[in-house]
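The structure appears right after this line, and notes come after that.
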DNA sequence: CTTAGCACTCAATATGTTCGAGTGCTAATA
DNA sequence: TATTAGCACTCGAACATATTGAGTGCTAAG
């Protein structure tokens, strides 16, 4: 489809545009990338590439700018050339749990770290899968009308929630229910839930209603595939020249802050493990059309964890992918560092 | 110090400036606020007020702008005139615990809600005080070398943390320790800790080291006065005309995002209960010199909770204070609403 | 197929002009 | 003595108008 030279021109345009941020003209290419050929020749190639949809002009008689199609080719090339040794990690998720503040703290730190390394916006997410297995549950009385519902999943993820319990439920009954559920430790919630159906009606007598309420709360906590998302520092966005247009910036910002759209996006693309890149309008969120997302996902039986960076379409993909690889690597080797923001110079990595 | 009329002029300037955002001139005042007097008279008063430090001119031959001193007088007046019935709430903190996602969820929602109502930036914080009392602790084995440390305080606040435990500590020993600690339910941690000292050396034999480590972890979790802070949507900042200067905006944004400075500020001012206002440079954070903070704090035995709004110095104080009062009131009456962001029109409340 | 040359386009920048709100001061007035 | 009207002056904001320069498309020559 593309001749050798066309590809060369295309990649050069993308590369130069990523560096300079300005439309790239034929003269520049001729001087810096394809020294053999003259500007006029390159102009012809560029005209062809524009016709094919890889380049476009912001206005008549201006330099060319890459389209999403061009970025796609560029990124795929980068991904292919990535050193073999840094690919194919899928086990790092295991280490996260060792972080001193639990999974939430770990993901928070990871997203911050990614923000710093990439100088864009780091993010980290975990999705509770339906196959999560129960480790232990507990009910703790808080006061006369409230108790705390506590669920620990295999792997150390903890959910808790205060439940208003107006019915007259004795501590004994609660403990009984908890004990019963805990014998089913190691099973998926769905199985546990089914196994308990009969028990409730048989063994509990007048406490049936209350126990059912407790179970419903548990169900709400465990049945869905809820995603928790952490976004690193958004401050870096201010330094990105692509986002100077204040009104679009505001829109972008709102989307990132609300997290909902991002979570959807990640859920959609994260189903297979490994590194992926979503460029510009490839994501379906209009506010994110000027952004690209580089992410890596890793699934274990009970949860899917994703780390990623979101930045301008015109981001430095090599650097971001390298940063992501590095963080994944750090997680593999040491768990997360205790003090991720105490580095100071980790910013202008070459 | 100030004559009646000077005060009137001063308050008018502040009021008009808050509304319009532009320097206010003598003519405007004469027409809208002090209809009896002519512009020239007011000019003289303004010149005096400027000399006294209440007003300033952005440049020669421009209107006047209030200084922080002027805001101070204005705000104090507003606070004094506030309807009696809405003051003096100190019990709302109790209700927070009923929120379906626990205290953290409640504070997150509260900060969002405040953002929406005020159209500035809402925030909510809780500081764990040293007097917090223990309800229950638990150790749950996660895998061979990790266990989950779980602390529930009176009131339903939950802390948890995965601890790496390389020593050979049996489940029995852990359970024993937990049981022992749980007999001290209802005491402050300091007391619990002291009471346990002897037990460790007496009853545990070779497990002493491990138990000491567990206790150290607990201590780290409970001894300090750590503040958790939630910041509502920052998106509103974009709509504030005072913050259009991109470079100062960026600085402000970073401070708000990092939360550290804010937490310090709240810790410093939150010691006595009730509503307070910090105007401009009265706070010591240079990046916040164009901002004011309106907050309300409430202490119980175990924790201090604060709700607040941060906005431009030139904020609509009446409206913000009313919003805060209203949220406090809502908390008192219903706990927090289940779906605080599903309101859509809650924005331009009059 | 490639290259040099030329006329043309268009955004960005700089320059100049006008406009209006607001002040300070002074002299007249109640 | 306190207040007001009048006037000259200042300064930023907004608009219109040149100027510049990088880049293109096209054509004709190599």
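Laid out as a table, the results:
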{"item": "Index of the failed condition, residue A:277 passing every other in (1) under 30 Å from residue B:239 (Cβ atoms); (2) in a strand (DSSP E or B)", "result": "(1)"}
{"item": "Residues within region A:284-302 that are crowded, with 24+ Cβ neighbours inside 10 Å and over 16 Å from residue A:114 (Cα atoms), tallied", "result": "1"}
{"item": "Filter result for residue A:13 (within 14 Å of DNA strand D (Cβ to nearest atom), more than 14 Å from residue A:314 (Cβ to Cβ) and buried (at least 21 other Cβ atoms within 10 Å of the Cβ))", "result": "no"}
{"item": "Residue list for region B:259-274, restricted to those being touching a residue at least 40 places away in the same chain (Cβ under 8 Å) and either part of a helix (DSSP H, G or I) or over 14 Å from the mean Cα position of the chain (by Cα) (or both)", "result": "B:262, B:263, B:266, B:267"}
{"item": "Residues of region B:216-258 classified as within 13 Å of chain A (Cβ to nearest Cβ), surrounded by fewer than 17 Cβ atoms within 10 Å (Cβ to Cβ), assigned to a loop (DSSP other than H, G, I, E, B) and touching a strand residue (DSSP E or B) at 6+ places or on another chain (Cβ under 7 Å), total", "result": "1"}
{"item": "One residue from A:104, A:141, A:179 being over 27 Å from residue A:257 (Cα atoms), within 13 Å of chain B (Cβ to nearest Cβ) and surrounded by fewer than 22 Cβ atoms within 10 Å (Cβ to Cβ)", "result": "A:141"}
{"item": "Flag if residue B:348 is out of contact with any strand residue (DSSP E or B) (no Cβ under 6 Å at 6 or more places or on another chain), modelled with pLDDT under 85 and assigned by TED's automatic domain parsing to the domain that holds residue B:250", "result": "no"}
{"item": "Residue within region B:10-19 that is within 18 Å of residue B:67 (Cα to Cα) and within 8 Å of DNA strand C (Cβ to nearest atom) present", "result": "no"}
{"item": "Test result for residue B:280, crowded, with 17+ Cβ neighbours inside 10 Å and at the interface with chain A (Cβ under 10 Å from one of its Cβ atoms)", "result": "no"}
{"item": "Test for residue B:202: is it surrounded by fewer than 20 Cβ atoms within 10 Å (Cβ to Cβ), at pLDDT below 85 and assigned to a helix (DSSP H, G or I)", "result": "yes"}
{"item": "Residue check, residue B:169 more than 9 Å from chain A (Cβ to nearest Cβ), modelled with pLDDT of 80 or more and either buried (at least 16 other Cβ atoms within 10 Å of the Cβ) or over 35 Å from the mean Cα position of the chain (by Cα) (or both)", "result": "no"}
{"item": "Enumeration of residues in region B:148-163 that are within 9 Å of chain A (Cβ to nearest Cβ) and at pLDDT 75 or above", "result": "B:148, B:150, B:152, B:154, B:158, B:160, B:161, B:162, B:163"}
{"item": "Single residue of region A:144-157 satisfying the filter (surrounded by 20 or more Cβ atoms within 10 Å (Cβ to Cβ) and free of Cβ contacts under 8 Å to residues at least 40 places away in the same chain) that is farthest from residue A:190 (Cα to Cα)", "result": "A:147"}
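The values are calculated or read from the model by the stated rules, or taken from the named source; none is laboratory data. Predicted model only: the values in this text are computed from it and were never measured. As a convention, Cβ positions derive from the backbone with ideal geometry for all residues, glycine included, and neighbour counts pool all protein chains shown.
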